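Have a look at the structure below before the remarks.
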Amino acid sequence: MAKKKINYKYRINDYSKSSKLETQGLFDTDFKESNMSPIDTFFEKTTELNKLIADPDDFPGQLPGLILLGYVSAVESYFRKIIRKLILIDTASKRKCEKHSLTYGAAIIYDSEMLPEAMLENSSFAGSENIEKSLKNFLGITKGDYSSDLNGALDQFSKVCQLRHCSVHRFGRLGSNNAIALGLEDNKEYLEKPLKIGFNTLQEIFLVCNNIVKEINNFLFEKILDRNVSEELYGWKWDLRKDKNEFIKYYNLFASEKNPPRQAPSLKKAYEQFRKIFGDQI
Amino acid sequence: MRAEMNELIDQKEFEERADYSDSEDLKKWNVDNEYFQAIQNKLIQKGAKLIVGPRGTGKTHQMRLAYDKCLKNKKYPLAFYTSFSKYYHLEPFLFKSPNAKKIFHTWVLGKIILSCYKLVDEGEYSDIVFDDEYDFLNKKLLEEFVSQAEKGTALSQYDELITKLTINSVIKIIESLAIKLKRKKVVLFLDDAALSLTPDYMIEFFDIFRSLKTVRISPKASVYPGTPSGPRLHIGHDVEPFQAWIDIETDYYSAFMDDIIEKRSLTVKTAIPKDIIELFKYASFGVPRFFLNLLRRFLQDSGKSTQQKFNNVISEQVKLIKGEYLSLYQKMPQYKSIIETGFYLFETIVDDIAKANKNLQNEKQILIGIEDEQNISFERMMRFLIEAGLLYDKETVSHGESRKYHRYIPHFAFLMQKRAFSSGKRGFDSGSIIEFINRKQIKHPVRRSFGKLLSDEQIEHMKLDLPPCSNCGAPRLTEEQKFCHNCGHELVDKSAFEECMKLTVDDLPISDWQKRKIKEESNLKTVSDFLTMPDPGTELRKPHGIGPVRSEQIFNKVQQLVEEFLS
């Protein structure tokens, strides 16, 4: 007869208490997706984060790392929203996504407005490579088209994403892969050391995240309209009265009303420049 | 007599700026004593070096001389010369482009590559071409990029250049040129590299400077005294600094200044009394540009007596230096109160030294010793005064274990204006002032703490002048703050360069009549109009009474103002 296996059992730490966590009800059902542009949604979210530290000399040491997570999450949300909306209004982007597959569950639950969001579920936007991959896969825009300003903003944002990685997965400690990504030679002495983010550095991180959103937003506005004309996806009449219904879709998607002090250029001005560049050539 | 005087004043020998003089004149005018020979050696020998001195001390002069020497003589290293005086034109990018530092980086490297082209052209090495892999670095493209960057315009068409031009490619090009031209060593003269108004660019510049140093390449940069060089460049280890600013106390100081007159063949000795020339040597405080300026102003002055002329010239000079120093806060408004308080401190130093001299019989006092307080605002304040050449930084002395005194000589023109060397006499006796200046320095300096030099109120006043949040009005918490802690909105920083472009006709250094006429009868409203209008000369001649001569004078004054503002 086989000997009955006896497992070693000994409670080395304290007992756990019963938990009643249920995820239902944790999400706000009253929430309605706003018509705000993705960039303004980003500003609205981050404006709240910017207020979390009001005294540069007095805040809990872990707080900046957590705010950083919130910030990168706001950037990721921006990407999800702008791509989703572009797939809905931009013919070239829609065509690019036609071959992507969706889960059956998403297909039966989401309405058409939100459906593209499901396609992005497996995508990450935390890091320049992830962003590049997603812009290519969903919008058909490749890195070769990026401006040097955008590349500069992406490089900086990648650094922030490495810090985020340390915060999420290593409780703030610098891992070897992060150190390699940030430049091993300059960072080797910080290996396995915890993040220590002061007020001014956190402000710099906010700026980097703001920059990436501003640069991407500007770049996509130009690039998508440029492609729309060069691939003849819409019959532009080069008269605002006739083109307004189409142009306003793009204008509303990208224009910001929440980034003071600079006022968003009016639709008329943005269209005028569009007409000047393309309309006059035709 | 007046005509002769004007002819004398118009001599090119009075040209104060090496960047406006040709190389033959520079060679002829060079004062070739041991001190300056040592500077030439430092510039040509191996190793990264910083040539240090405030404006007008001859840094450009020395660099251009060394460059010419190397250009003409194959036994010296291969040399490249480039000036970064227009760095401030790139300042607006810091406010509108996340890529500003990369643009600046490319601008610096692009200018160095253009100096390679210049050398190839000037050295008549027309058969030398860059390797194929550097086809993207063609001269025309680089010139266009540099010019566009200095105009602060959009640079998206140069993305390839910005991405591809690296420090490594510059090193490879320079080293391969040296091999082709059979020179073992290379010196890079990087002039006007103080970059003190844009700390972000300054750090970037000295990173490039440090990386350009190889076994073969020795970079040399000219900077202001007290200018920081970024956190990664270690003075003494990575780079050796040396002074181009001659110490007023050296034995050969007077003889050196005499040489300037001799070498430039200035015929001032007959027109200006000997003692006055001697006093001007000291009033110029080791800055040849000021010396030439004082001589010229004396010749132009309409004062009735020598004494009156001397006093007029000194007070004009003092006014000029003060104005230039205080103009710093237009470029760095966040330091306005620190800069202003710095001038109060300087005036107190001058007063205290002048008072100390009243009681001396056979010695003189020209030194102030200020107790070290490890206070960042005080350090910043002293740096501005040293950088502007108002204080000459002498070595630090320790008194006991914990007390350290930083010692400085204040600018002599200010001491003279305060009659610090007049032995309490009522009248003007140039001879006795010279005798006083030549006395031996008393053993100890006037010792002061910041608390004694400044009132509590003045110290209290010294803070960073940062604009509040434009959305909610909350004051900023730190200099580096980018977003308001109260309302969360992005804070707005202004480009000082763009502020300069907004200066109006009323701000120009021209007569009230000219201001009125230009405002009423032309379309020129701001400095930007003068610089961007295709033909500002014609526009300037529109007002009745402003002809070709006056319009040129006014235009030159605008250019001068911009240059001073942005340098």
Residues B:Ile261, B:Ile246, B:Ile235: which one is under 30 Å from B:Gln45 (Cα atoms) and within 20 Å of the chain's Cα centre (by Cα)? B:Ile246
So A:Phe157 ticks every box in (1) open to solvent by 50 Å² or more (accessible area, probe 1.4 Å); (2) among the aromatic types (Phe, Trp, Tyr); (3) facing chain B (nearest Cβ under 10 Å) but one. Which box is left unticked? (1)
Hits in the range B:200-233 - residues which are in a strand (DSSP E or B) and in contact with an Asp or Glu (Cβ under 6 Å, 6 or more places away or on another chain): B:Ser222
Any residue at all in the range B:189-201 that is open to solvent by 10 Å² or more (accessible area, probe 1.4 Å), out of contact with any strand residue (DSSP E or B) (no Cβ under 8 Å at 6 or more places or on another chain), within 14 Å of chain A (Cβ to nearest Cβ) and closer than 22 Å to A:Asn151 by Cβ? yes
Could you list, in sequence order, all residues of the range B:340-381 that are under 30 Å from B:Leu503 (Cβ atoms) and either modelled with pLDDT of 95 or more or not aliphatic (A, V, I, L, M) (or both)? B:Glu340, B:Thr341, B:Gly342, B:Phe343, B:Tyr344, B:Leu345, B:Phe346, B:Glu347, B:Ser377, B:Arg380
Within the range B:469-497, restricting attention to residues that are basic (Lys, Arg) and either closer than 16 Å to A:Leu52 by Cα or touching a Lys or Arg at 6+ places or on another chain (Cβ under 6 Å) (or both), which residue is farthest from the other protein chains (Cβ to nearest Cβ)? B:Arg476
Condition check for B:Lys309: of a type in the set (Lys, Arg), open to solvent by 20 Å² or more (accessible area, probe 1.4 Å) and under 26 Å from B:Leu464 (Cβ atoms): no
With the requirement that a residue be open to solvent by less than 20 Å² (accessible area, probe 1.4 Å) and within 24 Å of the chain's Cα centre (by Cα), what does the range B:66-76 give you? B:Ala66, B:Tyr67
Positions within the range A:185-194 being of a type outside the set (Phe, Trp, Tyr), surrounded by 12 or more Cβ atoms within 10 Å (Cβ to Cβ) and in a helix (DSSP H, G or I), in sequence order: A:Asn187, A:Lys188
B:Ser156 passes all but one of (1) small (Gly, Ala, Ser); (2) out of contact with any Leu (no Cβ under 9 Å at 6 or more places or on another chain); (3) more than 14 Å from every other protein chain (Cβ to nearest Cβ); which number fails? (3)
Quick one: which helices (runs of 4 or more DSSP H) lie wholly within the range B:403-487 and hold at least 3 residues that are more than 26 Å from B:Gly226 (Cα to Cα), in contact (Cβ under 8 Å) with a residue 60 or more places away in the chain and open to solvent by less than 70 Å² (accessible area, probe 1.4 Å)? B:430-437
Residue hits (the range A:26-71; within 13 Å of chain B (Cβ to nearest Cβ), farther than 20 Å from A:Val168 by Cβ and among the basic types (Lys, Arg)) are A:Lys51
The number of residues in the range B:509-556 that are among the small types (Gly, Ala, Ser), in a loop (DSSP other than H, G, I, E, B) and closer than 23 Å to B:Glu499 by Cα is 2
Looking at B:Phe130, B:Phe95, which is the one that is modelled with pLDDT under 90, out of contact with any strand residue (DSSP E or B) (no Cβ under 6 Å at 6 or more places or on another chain) and away from chain A (no Cβ under 14 Å)? B:Phe130
Pull up the range A:25-48, narrow it to residues that are aliphatic (A, V, I, L, M) and under 14 Å from A:Val213 (Cβ atoms), then point me to the one that is surrounded by the most Cβ atoms within 10 Å (Cβ to Cβ). A:Ile39
Please determine whether any residue of the range A:166-183 is more than 10 Å from every other protein chain (Cβ to nearest Cβ), in a helix (DSSP H, G or I), within 27 Å of A:Tyr250 (Cβ to Cβ) and among the polar types (S, T, N, Q). no
Quick one: in the range A:256-274, of everything that is open to solvent by less than 60 Å² (accessible area, probe 1.4 Å) and part of a helix (DSSP H, G or I), which residue is farthest from the other protein chains (Cβ to nearest Cβ)? A:Leu267
Looking for whichever is closer than 30 Å to B:Ala79 by Cα, at pLDDT 90 or above and loosely packed, with under 14 Cβ neighbours inside 10 Å here; the options are B:Val287, B:Val215, B:Val239. Which one fits? B:Val215
Mind listing just one residue for me: the one in the range B:290-306 that is among the small types (Gly, Ala, Ser) and open to solvent by 40 Å² or more (accessible area, probe 1.4 Å) and, of those, farthest from B:Tyr224 (Cα to Cα)? B:Ser305
Which of the residues belonging to the range B:243-273 are among the hydroxyl-bearing types (Ser, Thr, Tyr), open to solvent by 20 Å² or more (accessible area, probe 1.4 Å) and closer than 15 Å to B:Asn33 by Cβ? B:Thr250, B:Tyr252, B:Ser254
When (1) closer than 27 Å to B:Lys440 by Cα; (2) open to solvent by less than 50 Å² (accessible area, probe 1.4 Å) are applied to B:Ala221, the one that fails is (1)
I'd like the full set of residues that are within 24 Å of A:Ala74 (Cα to Cα), open to solvent by 20 Å² or more (accessible area, probe 1.4 Å) and within 14 Å of chain B (Cβ to nearest Cβ), limited to the range A:209-255. A:Asn211, A:Lys214, A:Glu215, A:Asn218, A:Glu222, A:Lys223
List the helices (runs of 4 or more DSSP H) that sit entirely inside the range B:91-199 and contain at least 3 residues that are farther than 29 Å from A:Asn218 by Cβ. B:100-122, B:167-180
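The values are calculated or read from the model by the stated rules, or taken from the named source; none is laboratory data. Only a predicted model underlies this, so the values are computations on that prediction, with no experimental measurement involved. Ideal geometry is used to build each Cβ from the backbone, glycine not excepted, and the neighbour counts take in all protein chains shown. Please note that ligands, DNA and RNA were not included when accessible areas were found on the heavy atoms of the full protein model with its side chains. Shrake-Rupley method; radii C 1.70, N 1.55, O 1.52, S 1.80 Å.
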